[in-house]
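The values are calculated or read from the model by the stated rules, or taken from the named source; none is laboratory data. All values derive from a computational prediction rather than experimental measurement. All Cβ positions, even for glycine, are placed from backbone atoms using ideal geometry, and neighbour counts span all protein chains on display.
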């Protein structure tokens, strides 16, 4: 039986933001995000940073209140903000080779709620302006959504299944990232956890892509070969010696070139059909000014990742096979 869409989901073109919502969008967020800029630079703090770091503090408050109206959502997100304490760094270091430490860290993470793990060298472009990270390594953890719950987005005051799953995965990310950071600290090295949904110093999607957790999708989120777009991220920065994992190209980017599913299903029409220049990189980009009013009014969103063909468990294996053959043909051409 084919997956049934959420009947509460507005179609593209049916949604118009309320005047009071638009009044909170005091300046365009696209220039802040670097849309149209041809030179690389660090990202600027945005919507999920503390409200004194961006112009959308009032809208952020409305969005939080809206999402908390859904049954169970307040409890789900409260768990995501329940940050454990970081333990003291052990005085004696584990001097094992980087290969051994990488294997041990990976085993620990996967046995403590993470569904996948990637490791990348730190790049200054991963750090938001106004913040500092000194550790040379970034570990990114992937937390997979429950697809049957995720496809219920958007949520409302009678059904909070979809938004609760978002909160639950962020809560897993909090627990998993702090557990891994404390394990690293027990080995005698520094480590700092960076869970969501609130943003901090670390940008997560670029190191996730660099470390092989997936490719960037047209909807602006990560597409994993294992979980599709139904995945949340958490990070750990550290100075423990590690071995980087390689990027994973499996055809998601090529698929997005022709797929129109998320573009068609986005109620505010925030997802465009072509890549754009953003801080010196031509990539997929979601229009902030169209996306965030809908997000604010409808208790978060997640439609684009829920409808993505890669997220559907029965479809993903077929897509992987199809795109593998396509990539093989392309690579074999003279």
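Details
- Within the option set 235, 173, 167, being crowded, with 21+ Cβ neighbours inside 10 Å, outside any loop (DSSP other than H, G, I, E, B) and touching a helix residue (DSSP H, G or I) at 6+ places or on another chain (Cβ under 6 Å) holds for one residue only, 167.
- Residue match in the stretch 288-304 (condition: within 29 Å of residue 106 (Cβ to Cβ), at pLDDT below 95 and under 17 Å from the mean Cα position of the chain (by Cα)): yes
- Counted residues, the stretch 174-212 - those being within 11 Å of the chain's Cα centre (by Cα), within 25 Å of residue 313 (Cβ to Cβ) and in contact (Cβ under 8 Å) with a residue 40 or more places away in the chain: 4
- Helices (runs of 4 or more DSSP H) lying entirely in the stretch 268-334 (those with 1 or more residues that are free of Cβ contacts under 8 Å to residues at least 60 places away in the same chain and surrounded by fewer than 23 Cβ atoms within 10 Å (Cβ to Cβ)): 288-297, 316-332
- Taking the stretch 140-160 as the range and being assigned to a helix (DSSP H, G or I) and touching a residue at least 40 places away in the same chain (Cβ under 8 Å) as the test, the residues that pass are 147, 150.
- For the stretch 243-253, a residue qualifies if it is touching a residue at least 60 places away in the same chain (Cβ under 8 Å) and either surrounded by 23 or more Cβ atoms within 10 Å (Cβ to Cβ) or not in a loop (DSSP other than H, G, I, E, B) (or both), and exactly one does: 252.
- Options 181, 199: the member that is under 30 Å from residue 279 (Cα atoms) and either part of a loop (DSSP other than H, G, I, E, B) or touching a strand residue (DSSP E or B) at 6+ places or on another chain (Cβ under 6 Å) (or both): 199
- Meets criteria (touching a strand residue (DSSP E or B) at 6+ places or on another chain (Cβ under 8 Å), surrounded by fewer than 21 Cβ atoms within 10 Å (Cβ to Cβ) and within 22 Å of residue 120 (Cα to Cα)) for residue 223: no
- Among the residues listed as 119, 133, the single one being within 21 Å of the chain's Cα centre (by Cα), in a loop (DSSP other than H, G, I, E, B) and surrounded by 14 or more Cβ atoms within 10 Å (Cβ to Cβ): 133
- Of all residues in the stretch 26-55, exactly one satisfies the criterion of being modelled with pLDDT under 95, in a loop (DSSP other than H, G, I, E, B) and touching a helix residue (DSSP H, G or I) at 6+ places or on another chain (Cβ under 7 Å), namely 47.
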